[in-house]
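Taking it in order: structure first as structure tokens, then the write-up.
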Amino acid sequence: MSKITLITLEHRAVTLACSSFALLLSACGGGGDQERAPAQAQTAAGATVPQQARPPDPGTVGTSGAGGPDDADSADAAPAAAQLPDVAPQSFAMAGYAAAPGAEDQARGAASPGAALYVSPQGHDDNPGSATRPFRSLARAARAVAPGVTVYVAPGTYSGGIRTSASGRADARIAFVSTERWGARIVPPARSAGKSAWDNRGDYVDIVGFDIDGATHREGTRWTSGIYNGGSHDTIRSNHVHHIAQQAACTSAGGAAIGVDGYYRGVDSHVIANLVHDIGPAGCRFVQGIYVSTTGSVKNNVVYRVAEAGIHLWHDARDVVIANNTVTASNTGIVVGGGDFYHTSGPNDRTAVYNNIVYDNKMGISEQGRTGRNNSYRNNLVYKNSSYDFRLKNGLTHSGTVSSAPLFVGETSVALPDFSLSASSPAVGRATPQHAASTDFNGRPRNVFTGFDIGAYQH
């Protein structure tokens with residue numbers, strides 16, 4: 001992981017400095033109760049394909065569900081707003097993020113400079129949401145947000161069950177940004193009212209840099225989803241999503257650490273450089289790491305210890321780029337599939353699976369359900385998957401495959417493994433630049449002159 005550099009902001013420079021970081025982060029930064037889940041499908045191999053439950057209608061925008069645990073925490077845990085001192089601007093210093101994104105990410109747009117709201121554990125929801133008088137909860141910020149606004153969230157612990165439905169525009173995105181990478185920690189509230197830590201239905205929204213930690217359930221509904229995204233043109237970037245659905249019942253309602261869903265006709269969303277691990281009860285085939293049922297991309301993610309698939313495409317998924325991910329220690333590495341269609345008749349076609357490390361799972365890369373003849377599989381390192389490395393359909397083959405151990409820097413059996421590449425790794429310089437992001441998991445540039453590396457990390 002890259003060294004964290006802390007930038008101290010002077011009081012009068014906060015707004016300007018943070019707006020400049022909005023250009024950096026929001027450009028590259030991006031369920032609940034079952035409503036109407038389709039019937040299950042069977043794969044060609046006879047294995048049940050997990051279905052994802054549809055979240056409930058979000059109701060009041062920005063609330064945390066019945067009882068409002070997020071608002072209750074902010075109102076009851078802090079004194080009245082009039083009694084609170086101003087928050088130091090240094091609370092919103094940016095830390096842990098790498099250099100500016102490449103042109104690919106910039107092209108997706110950014111929040112307008114100068115438009116910002118602020119959230120802090122020292123704030124109060126009666127405040128105006130300024131840098132010195134921030135809100136206390138993300139739920140309050142969600143009710144105030146508008147196109148072009150970036151919500152800066154200071155380090156601290158916040159109640160989950162967040163619902164966001166405001167939409168930005170292509171030229172004025174909405175961004176929710178943890179000012180310190182993984183510093184804003186989202187945990188289950190005292191009594192959880194829904195199955196998602198964060199449920200977003202808005203379009204042109206970025207969710208960047210949060211720690212979504214489902215390890216400590218207290219009362220109410222257990223989380224089976226970390227970040228559920230039902231909007232269009234959204235980006236979920238640089239989040240740490242872990243210990244989701246581990247104690248939940250294993251049912252066909254399913255679950256996922258990060259879900260990008262087309263049920264509400266969402267399209268073209270992106271899951272970039274997230275750390276996802278310890279997802280689902282052991283042996284459950286219905287809980288996924290990253291689940292996509294529409295168009296978009298999945299790049300630079302590190303995924304391990306997932307009950308079923310590290311990366312799973314189903315329903316109306318098509319035209320998806322899965323590139324430079326590292327997936328290990330799960331039941332299946334990557335599933336490219338289509339079935340139980342929402343709004344199309346399939347198949348999953350024109351999906352590109354490039355430059356991924358799929359290592360030490362039960363199954364490697366698998367096509368399931370209805371898939372097309374134009375899917376492509378290039379320059380992946382696929383090795384030591386106990387049942388099989390590849391199972392493709394329609395006569396498709398893979399090319400440029402590396403079939404040897406990836407030789408990571410760290411041990412893979414520890415709680416937080418280091419999956420960066422050693423100098424002797426066969427993944428070094430063996431990737432294709434096609435479909436690769438311009439930076440890696442830690443924001444380091446991928447260099448066409450020294451060669452692109454396979455997996456989430458550039459050596």
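Read-outs throughout are calculated quantities, based only on the coordinates presented, and are distinct from any laboratory measurement. This is a predicted model, so every value here is computed, not measured. Cβ atoms come from the backbone with ideal geometry, glycine included; neighbour counts cover every protein chain shown.
Summing Lys and Arg as +1 and Asp and Glu as -1 over all other residues whose Cβ lies under 13 Å from the Cβ of Gly231 gives a net charge of -1. Here the simple spin-label model places points 7 Å from the Cα toward Cβ, and for Ser387 and Gln434 these points are separated by 2.9 nm. Neighbour counts of other Cβ atoms within 10 Å put Cys250, Cys284 in the fewest-to-most order Cys250, Cys284. Among Val358, Val448, the order by Cβ neighbours within 10 angstrom, fewest to most, reads Val448, Val358.
As a proxy for reagent exposure, Asp213, Asp316 were ordered by neighbouring Cβ count within 10 angstrom, fewest first; the result is Asp213, Asp316. Please report the net charge: other residues with Cβ closer than 9 Å to the Cβ of Asp453, K and R +1, D and E -1. With Lys, Arg at +1 and Asp, Glu at -1, the neighbours total +1.
Label reach from Gln247 (point 7 Å along Cα→C-beta): in the range 213-234, amide nitrogens under 14 Å belong to 214-224. From largest to smallest, the equivalent ellipsoid semi-axes obtained for the range 172-249 from the alpha-carbon gyration tensor read 22, 14, 10 Å.
For Val327, the shell of other residues with beta-carbons less than 11 Å away shows a net charge of 0, using +1 for Lys and Arg and -1 for Asp and Glu.
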